[in-house]
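Where a number appears in this text, it was derived from the coordinates with a stated rule and is not lab data. Small disclaimer: the values here were computed from a predicted structure and weren't measured. Here Cβ is always computed from backbone atoms with ideal geometry, including for glycine, and neighbour counts include all displayed protein chains.
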Amino acid sequence: MQGVWTILLLIVSNIFMTFAWYGHLKLQEMKISQGWPLIGVILFSWGLAFFEYCAQVPANRLGSSINGGPYSLVQLKVIQEVVSLIVFTVIITFLFKGTVIQWNHIVAFLCLVLAVFFVFLK
């Protein structure tokens, strides 16, 4: 069950991360944050990143074999990267309508999924 909770927390974390990293661009596109100074955009992103860390840190603690979890640090990192790409792809596909996922993006993502497979081999 620790592995499942770890992945669910990583999904939540990456939702906040994606909005912290790219949400301000959508706000600018919608003309909400167009006049914000850069420091305002940074503070907005940091505010969202706080919630990212509120899920990321427990995910790593719960999932890490150092704390009795099922994953090594390398496995945790590779899982996190794949979760990050999946969440990123879903969010930008719906949030940024002009963004198109092309065949080479899919191949690159599949290579990362293969990385997860290989990192779990004994």
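Assorted remarks:
- Going from the fewest other Cβ atoms within 10 Å to the most, the residues M30, M17 appear in the order M30, M17.
- Relative contact order for the chain: 31 percent, from Cα pairs under 8 Å spaced at least 6 residues apart, divided by residue count.
- Base-10 log of normalised Debye intensity for region 2-119 (one unit scatterer per alpha-carbon) at q = 0.15, 0.18, 0.19 Å⁻¹: -0.75, -0.97, -1.03
- Peptide packing: for 72-79, 113-120, the average count of neighbouring Cβ atoms within 10 Å per residue gives the ranking 72-79, 113-120, highest mean first.
- Across region 77-91, coupling constants 3J(HN,Hα) worked out from phi with the 6.51/-1.76/1.60 Karplus curve, θ = phi - 60°, read 5, 5, 4, 4, 5, 5, 4, 4, 5, 5, 4, 4, 4, 4, 5 Hz, and Gly and Pro carry x.
- Order of K122, K26 under a 10 Å beta carbon neighbour criterion, fewest first: K122, K26
- The chain, helix-only ellipticity at 222 nm - DSSP H runs n ≥ 4, -39,500 (n - 2.57), divided by all residues, nearest 500: -27000 deg cm²/dmol
- Reach of K26 by Cα under 30 Å, taken over lysines that are not fewer than 8 positions away in the same chain: K77, K97
- Between K122 and W103, the contour length at 0.36 nm per residue exceeds the alpha carbon distance by 3.7 nm.
- Cα convex hull of region 19-79 - mean projected area over all directions, nm²: 5.0
- Sorted by Cβ neighbour density within 10 Å, fewest at the top, the residues Y22, Y53: Y53, Y22
- Taken along the Cα-to-beta-carbon direction at a fixed 7 Å, the label points for T93 and S65 span 3.3 nm.
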